[in-house]
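Before anything else, here's the structure in question.
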Amino acid sequence: MQSRPSKIICVGRSYADHAKELGNAIPDRPVLFMKPPSALVSLQQGISWNPAWGNCHYECELSLRIDRTLKGETDPLKALEAVGAVTLGLDLTLRDLQDDLKQKGQPWERAKAFDGSCMLADWVDVQEVVGDWKNVHYTLQINEELRQKGDTALLIFDIGTLLADMSQVFTLEVGDVVMTGTPAGVAALQAGDQLKMSLQGKTHDYVWQTFVK
Ligand code: ZN
C-alpha cells in the first residue's frame, strides 16, 4: 500500500494539442491546480461519478512521486532528482461542470477534486522508465481503441521546469504526487468502458487496466 500524499498537484494545458482541443490559449506559465488525497481511488475500485453533475472525461497523465522534499528549487535538473517513482494516472474531470465553472470564473475543484477523481496505477522506480525525461512515452486505450498518446518531448514546459516552478509556490513533500497534464484525445467516459494505460519502460511496457462502473 502506498503512503497517502499530502497533496496531488496537477498541471493543466501542459500539451499544446490538448489546450487547443478545449479551445484554451497556450499558457505563458504553468497552470496549476490540486486534488486532495481524498480524491484517490484504486484501479480495482473503478471509475464512478454522480451523473447529476454531467459527463466525466478521462485524462491520462504521466504522474510522479516525490521522494525528497523540494522547496524553492530554481534549477530544473536538481528538481528532477526529487522524483523517485513514476506511473500513469487518470485526472478524471467533470467537463460539463468545469465548463460551467470556467464560464462563471469559479475554481475548478468541484469538477476536478471530487472523491474518485484521481486514479493512480502502481509506482515504478524512476530508473526503470526514465533515461531521458524528454523521451517518456505512454498511451491510453479504451475498449482496445487508441485514444491518447503521451510524449514528454511535446510538453510546453519540460518536467524539470514544472517541478522547479511548483516548488516556488508549494513545498513538495515526500510522497506528494505530481500529475503532468494530458495530451489530446480527451472525451467523455461511458458506462462499461474498459481502460488500458501503457507506460513504456526501459525493458518492457507497464500495463494497467481499469473500468467505468
Ligand atoms: Zn489533467
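Values quoted throughout were computed directly from the atomic coordinates according to the rules given, and no laboratory measurement underlies them. For clarity, every value in this text was computed on a predicted model and none was experimentally measured. Neighbour counts are summed over all protein chains in view; Cβ atoms, including those assigned to glycine, are modelled from backbone coordinates with ideal geometry.
Please arrange H18, H57, H137 by how many other C-beta atoms lie within 10 Å of their C-beta, fewest to most. Write down the numbers at each step before the final one.
Details: H18 22, H57 19, H137 16.
The order, fewest Cβ neighbours first, is H137, H57, H18.
How many nm is it between the label spots at D151 and K71, if each spot is 7 Å from the Cα in line with the beta carbon?
4.0
Cross-link partners among lysines for K78, C-alpha distance below 16 Å, same-chain residues fewer than 8 apart left out?
Once the sequence-local lysines are set aside, what remains near K78 is K134.
Right, here's the next one. By how many nm would the segment from R110 to Q168 lengthen if fully extended, with 0.36 nm per residue of separation less the alpha-carbon distance? Write out the running numbers ahead of the final one.
Working: separation 58, 0.36 × 58 = 20.88 nm, distance 2.56 nm.
My answer for the length gained is 18.3 nm.
Using the count of nearby Cβ atoms within 10 Å as a rough guide to exposure, how do I26, I9 rank from fewest to most? Provide the component values of the computation, followed by the final result.
Working: I26 10, I9 24.
Ordered by Cβ neighbours within 10 Å, fewest first: I26, I9.
Please turn the phi angles of segment 136-148 into ³J(HN,Hα) values with the Karplus equation 6.51 cos²θ - 1.76 cosθ + 1.60 (θ = phi - 60°), one per residue in order, whole Hz, x for glycine and proline.
With the stated coefficients, segment 136-148 comes to 10, 10, 8, 9, 10, 10, 10, 6, 6, 9, 5, 10, 9 Hz.
What relative contact order, as a whole-number percentage, does the chain give when Cα pairs under 8 Å and 6 or more residues apart are counted?
On the way: 504 pairs, mean separation 69.4, N = 213.
Relative contact order comes out at 33 percent.
Between S38 and Q103, what is the FRET efficiency for a Förster distance of 35 Å, r being their Cβ-Cβ separation, to the nearest 0.05? Each step should come with its number before you reach the end.
Details: r = 26 Å, r/R0 = 0.76.
The pair S38/Q103 has a calculated efficiency of 0.85.
Using the Karplus equation 6.51 cos²θ - 1.76 cosθ + 1.60 (θ = phi - 60°), what ³J(HN,Hα) coupling, rounded to whole Hz, does each residue of segment 76-88 give in order, writing x for Gly and Pro?
x, 5, 5, 4, 4, 5, 7, 7, x, 8, 10, 7, 10
R0 = 41 Å: FRET efficiency of E128 with S6, Cβ-based, nearest 0.05? Before the final figure, lay out each step's value.
Details: r = 25 Å, r/R0 = 0.61.
Between E128 and S6 the formula returns 0.95.
While we're here: Might you report the magnitude of the Cβ-based charge dipole of the chain about its Cα centre, with Lys and Arg at +1 and Asp and Glu at -1, to the nearest 20 debye?
Roughly 420 debye for the chain.
From the C-alpha gyration tensor of segment 1-155, pull out the three semi-axes of the equivalent ellipsoid (sqrt of 5λ each), sorted largest to smallest, in whole Å. Write down the numbers at each step before the final one.
Numbers: eigenvalues 121, 70, 60 Å².
Equivalent ellipsoid of segment 1-155: 25, 19, 17 Å, largest first.
Tell me whether segment 72-124 comes out rounded, prolate or oblate; compute the Cα gyration tensor, take square roots of the eigenvalues as a ≥ b ≥ c, and use a/c under 1.5 as the rounded threshold.
On the way: a/c = 4.10, a/b = 1.68, b/c = 2.45.
Taking the square roots of the gyration eigenvalues as a ≥ b ≥ c, segment 72-124 is oblate.
Å³ per residue of the Cα convex hull, for segment 7-62? Show your work: numbers first, answer last.
Working: hull volume 6.6 nm³, N = 56.
In segment 7-62, the Cα convex hull volume per residue is 118 Å³.
Right, here's the next one. Just to confirm my numbers, what's the Cα centroid distance between segment 147-193 and segment 6-59 in Å?
Taking the Cα centre of each part, segment 147-193 and segment 6-59 sit 9 Å apart.
Given the rule -39500 (n - 2.57) for each run of at least 4 DSSP H residues, summed and divided by the residues of the chain, what is its mean residue ellipticity at 222 nm, to the nearest 500 deg cm²/dmol?
-4500 deg cm²/dmol
Next up: Can you tell me which lysines have their Cα less than 22 Å from the Cα of K104? Leave out same-chain residues fewer than eight positions away.
Candidates past the 8-residue exclusion: K20, K35, K112.
Whole number please: convex hull volume per residue, Cα atoms of segment 112-174, in Å³. Kindly include the intermediate steps, with their values, before the conclusion.
Values: hull volume 10.2 nm³, N = 63.
Per residue, the Cα convex hull of segment 112-174 comes to 163 Å³.
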